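In what follows, a structure is listed as structure tokens, so that the remarks can point back to it.
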Amino acid sequence: MTEWLTREQALERLNVRPQTLYAYVSRGRIGMKPDDADPRRSRYRADDIAALATRRDRGRSPQAIAESAIAWGEPAIATSISTVLHGRLIYRGEDAVEFSATATLEETAALLWASGRPVSFASLTASAARQSGTPTAFARLSALAAEGWSSLGRRPAMLQQDGAAATSALATALGAAPGSEPVHIRLAQGWSVKAAGADLIRKALVLLADHELNASTFAARVAASTGAPVAACLLAGLATLTGPRHGGAGAAAIALVEDAERLGPEEAIARWLAHDRPLPGFGHPLYPEGDPRAEGLFADFRIDDGLLRLRKAVLAATGLRPNIDFALAAMTRSLCLPADAPFRLFALGRSIGWTAHAIEQVTSNRPIRPRARYDGPVSAG
């Protein structure tokens, strides 16, 4: 009979942090299922944990430890911008889900940038709204990056102005109508969404604004550590966000939803898993008990019956709960948004975090320069 351990037991046997345990689960190295006594919690396969503990006890070289730790572990960069703590996303001491109940993206920028003053992303350039989408976003940021000042030797207030200008350009490039209203209202106007939908867009943007040291944020910080212009830091983040394991996960979640409608939830899930593909829109290494950002969005709209059946079927088959990508896919369907709306929302919201981290990195005055362990051929000479 298979033995299943509580999270506390698993952490004790492996002697690791919760993030490392969740990373093992996300990579398929430790089986997980909902706790029968409390479905909000999870249990972990004891055999998998014992095998991992045995391999660990055989010892690893310092180089091997360093190589493996860069995924969901050390090295870490000190930051006061955001963190995930006990299953909650925190923005400078504020619970992000609670903050998103009323905050705008402009107010979120003021918080994460520690600006001490209002932030505006107003855009009065009508021509900017005629063409929108990811290619336009890249073009606009590229132009700003090419013309921008180096971020070194400049006061944070000046860097914040650069970040506001870059986010304003990004907003219009992604479909926001020109104007001086808050950016979520302008985005809703550009997408012909009613007032209730505009408020949901506002909440999504706030919840997407930052998420600790994710891949795109790390890319933005690396660019900032070289003294690149703030717009170039956002461009580095945007390029990284396009990957299917990051900002592209929303499109994959929509594809899974469409498969579930065509084949039925159970058949769709079985096909994805049979091809060794993780289910997009479900599970997150930092939120084993469920992504609070997704639950924050679900509180404000009703997902359709097809998505409810898919969510229930995934939980029964894998023990995984919806993450922010599934919530964005559901929101896109509910509001009849453009097909690539999850990526656009992600890019616009996260530009606030990229700017915050770029400023923090520049003011720390520390380069980011890891070393590589060479394992190629060596000249005989």
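The values are calculated or read from the model by the stated rules, or taken from the named source; none is laboratory data. None of these values were measured; they are calculated from a predicted model. Glycine gets a Cβ as well: all are built from the backbone with ideal geometry, and neighbour counts include every protein chain shown. With ligands, DNA and RNA removed, areas are computed over all heavy atoms of the protein, side chains included. Shrake-Rupley method; radii C 1.70, N 1.55, O 1.52, S 1.80 Å.
Annotation note: Cβ proximity below 6 Å between a residue of region 332-360 that is farther than 17 Å from F138 by Cβ and a residue that is open to solvent by 10 Å² or more (accessible area, probe 1.4 Å) and among the aliphatic types (A, V, I, L, M) (sequence gap 6+ or interchain) occurs for L335/V193.
For region 35-54, a tally of residues being open to solvent by less than 30 Å² (accessible area, probe 1.4 Å) and of a type outside the set (D, E) returns 6. Taken together, the residues in region 284-332 that are in contact with a helix residue (DSSP H, G or I) (Cβ under 6 Å, 6 or more places away or on another chain) and among the basic types (K, R) amount to 2.
Considering only residues of region 1-14 that are in a loop (DSSP other than H, G, I, E, B) and touching a residue at least 24 places away in the same chain (Cβ under 8 Å), which is most open to solvent (accessible area, probe 1.4 Å)? Let's see the steps before the verdict.
Our first condition is that a residue be in a loop (DSSP other than H, G, I, E, B); within region 1-14, this holds for 1-3, 6.
Subset that is touching a residue at least 24 places away in the same chain (Cβ under 8 Å): 2-3, 6.
Values: T2: 64, E3: 94, T6: 33 Å².
Taking the candidates together, the pick is E3.
So A196 passes all but one of these: (1) more than 21 Å from the chain's Cα centre (by Cα); (2) not in a helix (DSSP H, G or I). Which condition number does it fail? Failing condition for A196: (2). Summed over region 203-230, the residues that are touching a helix residue (DSSP H, G or I) at 6+ places or on another chain (Cβ under 7 Å) and open to solvent by less than 10 Å² (accessible area, probe 1.4 Å) give a count of 13.
Filter region 352-381 down to the residues that are more than 18 Å from W149 (Cα to Cα), among the small types (G, A, S) and open to solvent by less than 10 Å² (accessible area, probe 1.4 Å) and list them by number. Within region 352-381, G353 is the sole residue that qualifies.
If I filter region 307-328 for residues that are at positive phi and out of contact with any strand residue (DSSP E or B) (no Cβ under 6 Å at 6 or more places or on another chain), do I get at least one hit? Reasoning before the result, please.
Of region 307-328, the ones at positive phi are 319.
Now restrict to residues that are out of contact with any strand residue (DSSP E or B) (no Cβ under 6 Å at 6 or more places or on another chain): none.
For region 307-328, residues at positive phi and out of contact with any strand residue (DSSP E or B) (no Cβ under 6 Å at 6 or more places or on another chain): absent.
Suppose the filter is at pLDDT 95 or above and in contact with a strand residue (DSSP E or B) (Cβ under 7 Å, 6 or more places away or on another chain); does R186 pass it? Yes, satisfied.
Can you say whether R373 is more than 21 Å from the chain's Cα centre (by Cα), of a type in the set (D, E, K, R) and part of a loop (DSSP other than H, G, I, E, B), as far as the supplied structure shows? Judged against the criteria, R373 is a match. Within the option set A253, A260, being touching a Pro at 6+ places or on another chain (Cβ under 7 Å) and in contact (Cβ under 8 Å) with a residue 40 or more places away in the chain holds for one residue only, A253.
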